Amino acid sequence: MSKLDRELTNWKEMYDQVHTEDEQLDEAVDLGFHQATKRPTRRLRKFAWPVLTAVAALFLLFGGVRVSSAFAEKVSQVPGMENIVQLIQGDKSKQAAIDADHFQPLGITEEKGDLTLSLEGVIRDDYGMVIFYTLEAVGEHRNLRLGTPKLTTGAGEELPPKSVSYNGRELEENKDMQMMEVYTQEGMGGIENFHLSISGSGIIDGSFVKEEFAVSFTAKNDAQSKEYTLEETVSIEGEQFVIENVTIHPLRTAIKVREHPENETELLSIEDLELKGENGEVWSGINNGVTASGGPENNEMTFYIQSNYFEQPESLALTFSKVMVADQEKEYMEIDLESEKILYQPGEIAELTEASTSAFEMKFDEEVSQNIGFSSVKDEKGDTLHPSSQQVHSLVEGPKTVHTFFDEAVKGPIRIDFSSYPHWLEKEIKIPLE
């Protein structure tokens with residue numbers, strides 16, 4: 001067994017003592033790699049890994065927050081809801097929804113053993129919902145967390161998730177408020193009664209505890225989404241992109257973009273998508289959560305930014321200036337795990353620090369580390385490999401180290417495509433919405 005195998009196996013065993021039992025990581029990885037079953041696989045993975053990393057390592061910054069009288073009144077209706085101020089800090093969509101009385105208090109509590117789950121309130125639209133909750137424990141505790149939710153209608157019809165994210169801080173004390181966002185594949189228009197099944201777990205008085213919760217609640221939605229059909233073609237450095245439409249939902253704005261079939265590159269992301277009002281007010285990217293979906297199979301992606309649904313500017317424009325692309329003929333990596341060698345990479349961007357047939361460790365150069373993310377991993381036959389887990393070590397500045405594990409030994413070279421890569425097309429674009 002190689003040094004990497006030993007180190008990664010030891011790390012994984014320690015990690016699994018807590019996390020495999022509660023299945024949150026496994027469920028999240030499964031959700032990321034297999035969940036939106038019917039979505040294009042490669043592009044989903046392009047955004048699954050960064051999202052999972054964010055969920056695992058997210059810290060909220062607290063500070064003074066200016067809120068309206070409507071927000072203050074709504075918060076006062078539910079004990080402990082002052083914490084919402086911190087949770088939605090910087091999220092204009094959710095702040096505006098509460099200002100517009102679109103927040104619905106729930107006040108539902110369920111106790112199971114030493115754990116108590118409380119659903120404090122919800123903000124929803126026809127495609128997703130934000131659930132504010134607390135998970136409490138009796139006794140000394142740490143690592144309190146929820147698993148992957150299963151959401152059904154009141155009649156028992158399942159609402160398969162398209163994405164799930166948890167935004168909050170690590171629970172240190174009881175009654176710390178948290179926030180869960182669930183977006184569904186098919187939408188939930190016309191549905192008012194819901195049932196949530198979810199596991200809660202943690203270390204309580206030195207022992208691992210896991211409980212299953214089942215909570216029913218009612219959440220109405222009268223706010224209908226606003227759609228702007230554009231079909232606007234923009235050309236940037238020889239590549240063409242069609243902005244198909246912009247749909248403004250109460251919780252977020254969706255921008256659908258299609259690539260021209262003759263493009264030489266593949267669209268990865270648009271860095272600075274914004275909605276701008278006539279007075280310079282800006283609705284920009286989502287800080288935490290899923291920021292894009294879609295795939296190369298249909299040459300189309302949907303990007304998500306904050307929503308101005310509850311605000312009424314006289315005019316509105318979609319703007320951006322930086323498009324991230326990758327040339328799939330040149331910008332990828334090929335690695336032979338058996339010989340522990342990088343066979344191809346686009347420049348000297350990384351070194352393979354350790355490798356075996358079931359795991360590898362790669363260190364990316366500081367100059368590219370903040371703009372590198374894995375998309376798909378394929379074997380020499382072109383079949384997609386599904387890593388069992390991935391660990392990323394990264395700072396704001398400095399190199400990034402990525403550890404990737406496989407359940408089984410991999411034979412032959414593997415190809416890694418990027419979900420993000422520092423190849424930018426730049427041009428100022430402004431499209432009025434009418």
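Annotations for the structure displayed:
- Extension gain (nm, one decimal) between N279 and K430, 0.36 nm per residue minus Cα-Cα: 52.8 nm
- Long-range HN-HN contacts of I270 with modeled amide H, under 5 Å: M324
- Inter-label distance, nm, simple model (7 Å from Cα along the C-beta direction), F405/Q328: 3.1
- Distance between modelled label sites at E262 and K381, nm, 7 Å Cα→Cβ extension: 3.8
- The simple spin-label model puts a point 7 Å past each Cα toward its Cβ; for L343 and H393 those points are separated by 2.8 nm.
- Between the amide H of S216 and those of L196, distances stay under 5 Å, these residues lying 5 or more places away or on another chain, with hydrogens modeled in the peptide plane.
- Distances between placed amide hydrogens fall under 5 Å for D327 paired with E266, all partners being 5 or more residues away or on another chain.
- Estimated FRET transfer efficiency (S315, T153; beta-carbon r; R0 35 Å; 0.05): 0.35
- Taken over the stretch 143-248, the ratio of Cα radius of gyration to 2.2 N^0.38 Å equals 1.53.
- For the stretch 147-163, backbone nitrogen atoms closer than 16 Å to the point 7 Å from S216 Cα along Cα-to-C-beta are found at 151-158.
- Couplings for the stretch 395-400, taken from phi via the Karplus curve 6.51 cos²θ - 1.76 cosθ + 1.60 with θ = phi - 60°, read 10, 4, 10, x, x, 10 Hz in order; Gly and Pro are left as x.
- The packing ranking of peptides 281-289, 246-254, 383-391, highest mean first, is 246-254, 281-289, 383-391, where packing means the average number of other beta carbon atoms within 10 angstrom of each residue.
- Sequence-ordered 3J(HN,Hα) estimates for the stretch 378-389 from the Karplus curve with 6.51, -1.76 and 1.60 and θ = phi - 60° stand at 10, 7, 5, 8, x, 7, 6, 9, 10, x, 6, 6 Hz, glycine and proline given as x.
- For the peptides 118-128, 104-114, residues were scored by their other Cβ atoms within 10 Å and the scores averaged per peptide; the highest-first order is 118-128, 104-114.
- Evaluated over the stretch 389-434, the Cα radius of gyration and Dmax, each in Å: 18.2, 55
- The phi torsions of the stretch 206-223, fed into the Karplus equation with coefficients 6.51, -1.76 and 1.60 and a -60° offset, translate into couplings of x, 10, 6, 10, 9, 10, 9, 10, 9, 10, 9, 7, 10, 9, 8, 9, 10, 8 Hz, rounded to whole numbers, with Gly and Pro shown as x.
- Over 31 Å (Cα to Cα) - which of K150/K363; K162/K378; K256/K330 fall in this group: K150/K363
- Note on I108 and T302: with the Förster distance fixed at 30 Å, the Cβ-Cβ geometry gives a FRET efficiency of about 0.40.
Bear in mind these aren't lab numbers, they're just calculated from the coordinates by the rules spelled out. Keep in mind it's a predicted model, so treat the numbers as computed, not measured. Note: ideal-geometry Cβ built from the backbone for every residue, glycine included; neighbour counts use all protein chains shown.
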